[in-house]
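Accompanying notes for the structure given below.
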Amino acid sequence: MAATVEHDVSESRFEIYLDGQLAGYAYYFERNGARDFHHTVTYPQFRGQGLAAVVVKAALDDTKSSGLAVIPSCSYVEKYIAENPSYAELV
């Protein structure tokens with residue numbers, strides 16, 4: 001099964017697809033040079049496959065390359081950053 005992540009700028013979210021099906025997303029608000037990640041979702045039928053980590057990693061990598069900071073309002077994003085300290089500089 002191939003997972004792909006797309007940045008839907010118009011919806012302010014990063015979406016993860018598994019074999020072409022939307023499996024989840026990470027929503028954010030962008031303001032004052034930062035992305036506030038406030039909600040991460042993995043649909044029930046796709047849970048347990050590590051997809052939330054994949055979409056959050058892609059979202060953080062894109063945020064970093066865009067020169068923006070991160071506000072981890074979502075508890076999953078906060079946990080991911082705590083477990084992956086290379087992203088701590090974004091907060």
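Number of residues in the stretch 1-33 that are farther than 23 Å from Ala69 by Cβ and among the β-branched types (Val, Ile, Thr): the value is 1.
Selection of the stretch 46-91 for residues being in a loop (DSSP other than H, G, I, E, B) and either within 17 Å of Arg13 (Cβ to Cβ) or within 11 Å of the chain's Cα centre (by Cα) (or both) yields Ser66, Leu68, Ser73, Cys74.
Filter the stretch 25-41 down to residues that are surrounded by fewer than 19 Cβ atoms within 10 Å (Cβ to Cβ) and of a type in the set (Gly, Ala, Ser) and give me whichever is nearest to Thr4 (Cα to Cα). It comes out as Ala34. List pairs: first residue in the stretch 1-23 and under 13 Å from Val54 (Cα atoms), second residue part of a loop (DSSP other than H, G, I, E, B) and of a type outside the set (Val, Ile, Thr) anywhere in the structure, Cβ distance under 7 angstrom, at least six positions apart or on different chains. As it stands, the answer is Ala2/Asp19; Leu18/Met1; Ala23/Tyr43, since those pairs meet every condition given. Among the residues of the stretch 5-25, none qualifies, meaning not one is under 13 Å from the mean Cα position of the chain (by Cα), within 15 Å of Leu90 (Cβ to Cβ) and of a type in the set (D, E, K, R).
Among residues of the stretch 42-62 being of a type in the set (Val, Ile, Thr) and crowded, with 21+ Cβ neighbours inside 10 Å, the one that is farthest from Leu90 (Cα to Cα) is Thr42.
Readers should treat all values here as calculations from the given coordinates under stated rules, not as data from a laboratory. Remember, predicted model here, so these are calculated numbers, not experimental data. All Cβ positions, even for glycine, are placed from backbone atoms using ideal geometry, and neighbour counts span all protein chains on display.
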